[in-house]
Amino acid sequence: MESLIIKHNELTAEQFIGLWESVWGGAPSPEQTRLAMEHTLFRVSVFDGEKIVAMARMIGDMGLDYYIKDVIVRPEYQRRGIGRLLINELLGFIAKNGVPGTEIFVELCAMPDKIPFYEKFGFSSNEAQRLRMMLKV
């Protein structure tokens, strides 16, 4: 895979916001993002030279539950194996840090068109529905 650079736990709030904006628009505030980066268990970022092209992060309690968040690959870099690389890095983090001999919940939320991608890693959907609200603070 090209000469991409993988970095662990170096993703900054500014890089996160820039990549978010380039793919989804409407990024969270700098203060929210800074706090999120500080409290994320594990961050993976992928660079093409100085340009950030992909990211993903892991949140959770380090015991029972890990949750994959914000998996983003710039559209022009998709279908090159970068998404697979991100998920493998996150799952590797769990394998290294999870309690040996136990089963651990690994969860994520995905749009319907992305479900087949995640199923390749062993994720499966169930009848549970994602509930959410945006709470104005």
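The values are calculated or read from the model by the stated rules, or taken from the named source; none is laboratory data. Keep in mind that what you see is a predicted model, and the values were worked out from it rather than measured. All Cβ positions, glycine included, derive from the backbone under ideal geometry; neighbour counts span all protein chains shown.
The residue that is surrounded by the fewest Cβ atoms within 10 Å (Cβ to Cβ), counting only those in the range 1-16 that are closer than 17 Å to VAL71 by Cα and of a type in the set (D, E, K, R), is GLU10. Every condition in (1) surrounded by fewer than 16 Cβ atoms within 10 Å (Cβ to Cβ); (2) assigned to a loop (DSSP other than H, G, I, E, B); (3) not polar (S, T, N, Q) is met by PRO116 except one, and the failing one is (2). Contact map, the range 30-43: first residue under 11 Å from ALA56 (Cα atoms), second residue surrounded by 12 or more Cβ atoms within 10 Å (Cβ to Cβ) and of a type in the set (Lys, Arg), Cβ cut-off under 6 Å, separation 6 or more or different chains; pairs are THR40/ARG57; ARG43/ARG57. Looking at the range 100-112, is at least one residue touching a Ser or Thr at 6+ places or on another chain (Cβ under 7 Å) and within 27 Å of GLN32 (Cα to Cα)? For the range 100-112, residues touching a Ser or Thr at 6+ places or on another chain (Cβ under 7 Å) and within 27 Å of GLN32 (Cα to Cα): absent.
Only residues that are farther than 12 Å from ARG57 by Cβ and in contact with a Lys or Arg (Cβ under 8 Å, 6 or more places away or on another chain): list them for the range 14-29, please. Working first, answer last.
Taking the range 14-29 and keeping what is farther than 12 Å from ARG57 by Cβ, we get 14, 17-18, 21-29.
Listed by number, the residues that qualify are SER22, VAL23.
Quick check on the range 40-47. Is at least one of its residues of a type in the set (A, V, I, L, M, F, W, C) and more than 23 Å from ALA13 (Cα to Cα)? The answer is no; no qualifying residue exists.
If the condition is being modelled with pLDDT under 90 and closer than 15 Å to PHE105 by Cα, then the range 115-137 contributes SER125, ASN126, ALA128.
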